[in-house]
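Read the figures in this text as sums done on the coordinates, not as results from a lab. For clarity, every value in this text was computed on a predicted model and none was experimentally measured. FYI the Cβ positions are ideal-geometry reconstructions off the backbone, even for glycines, and counts take in every protein chain you see.
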Amino acid sequence: MVDQLLRIDGEVEQPLELSFHDFQMFDEEDQVKDVSRFHPTRQGDGITLNSILERVKPKPTGTYLTLHATADDFAASVPLEAVRDEGIVVYQLNGERLPVSKGGPIRFLIRDPAACRTDELDDCANVKFVDRIELTVGKGRDTRPEDEEQHESLHRAQQ
Ligand SMILES: Nc1nc2c(c(=O)[nH]1)N[C@H]1C(S)=C(S)[C@@H](COP(=O)(O)O)O[C@H]1N2
Ligand SMILES: [Mo]
């Protein structure tokens, strides 16, 4: 459906598709208001990754969270246990859809990421334009830069 912004599938009991309205309808306790409180350069409101996981029910085989951005063919894959309580899915800014300039319509954020390329849960895994979250058996697709040269050219391309 045209309205669906995010699909969550793979090793889950209950695949799920979410529209902008669906995000807004998550319970108050699942909502994370104003991510600039912990990421000063980033903006918007999100919901916790956990609230999505509760709905899709990962199977025991789903050990990695693989985040796909079709828009620029970017992907990152991080261990589920490590990211479970750290992940936020950002969907709105001032009550409107998160603009592409902020990584929208959907942007993944780790609450407290490590510096780029120092850990699996690093800043590079804060995937913008994410349209699919796949639970995978072990590490899935991951296009994060492998060296500083790749990393710099990726950042140059985004300006
Ligand atoms: N879709 C997508 N997401 C992405 C990237 C990208 O190239 N494409 N770059 C990553 C990298 S390497 C970093 S460091 C952060 C930068 O996020 P910022 O622009 O909000 O600082 O986004 C990450 N998310
Ligand atoms: Mo990065």
task: Could you please find all residues in segment 104-115 being of a type outside the set (A, V, I, L, M), in contact (Cβ under 8 Å) with a residue 60 or more places away in the chain and out of contact with any Asp or Glu (no Cβ under 7 Å at 6 or more places or on another chain)?
output: GLY104, PRO105, ARG107
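Please tell me if LYS59 is under 21 Å from ALA157 (Cβ atoms), among the basic types (Lys, Arg) and in contact (Cβ under 8 Å) with a residue 40 or more places away in the chain.
Details: under 21 Å from ALA157 (Cβ atoms): no; among the basic types (Lys, Arg): yes; in contact (Cβ under 8 Å) with a residue 40 or more places away in the chain: yes.
So LYS59 does not fit the description; no.
Tally time: how many residues in segment 27-50 are part of a helix (DSSP H, G or I) and more than 9 Å from LEU109 (Cβ to Cβ)? Even if it seems obvious, please write down each step before you answer.
Of the residues in segment 27-50, the ones part of a helix (DSSP H, G or I) are 28-30, 35-37, 49-50.
Going one step further and asking which of them are more than 9 Å from LEU109 (Cβ to Cβ), we end up with 28-30, 36-37, 49-50.
Total satisfying the criteria: 7.
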statement: Expected single match for over 16 Å from the mean Cα position of the chain (by Cα), away from ligand 2 (no atom under 16 Å from the Cβ) and closer than 18 Å to VAL127 by Cβ among GLY62, GLY10, GLY44 is GLY62
- line: Among the residues of segment 1-34, the number that are farther than 22 Å from THR66 by Cα and touching a residue at least 60 places away in the same chain (Cβ under 8 Å) is 1
message: Give all pairs with beta carbons closer than 7 Å in which a residue from segment 116-131 that is within 11 Å of HIS68 (Cα to Cα) meets a residue that is of a type in the set (Asp, Glu) and near ligand 1 (Cβ under 8 Å from one of its atoms); count only pairs at least 6 apart in sequence or on separate chains.
response: PHE129/ASP72
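Please specify each residue of segment 122-146 satisfying the condition of being within 12 Å of ligand 2 (Cβ to nearest atom) and either surrounded by fewer than 20 Cβ atoms within 10 Å (Cβ to Cβ) or farther than 22 Å from THR61 by Cα (or both). Full working, then the answer.
Just the residues of segment 122-146 that are within 12 Å of ligand 2 (Cβ to nearest atom), to begin with: 122-128, 143-146.
Hits for segment 122-146 are ASP122, ASP123, CYS124, ASN126, VAL127, LYS128, THR143, ARG144, PRO145, GLU146.
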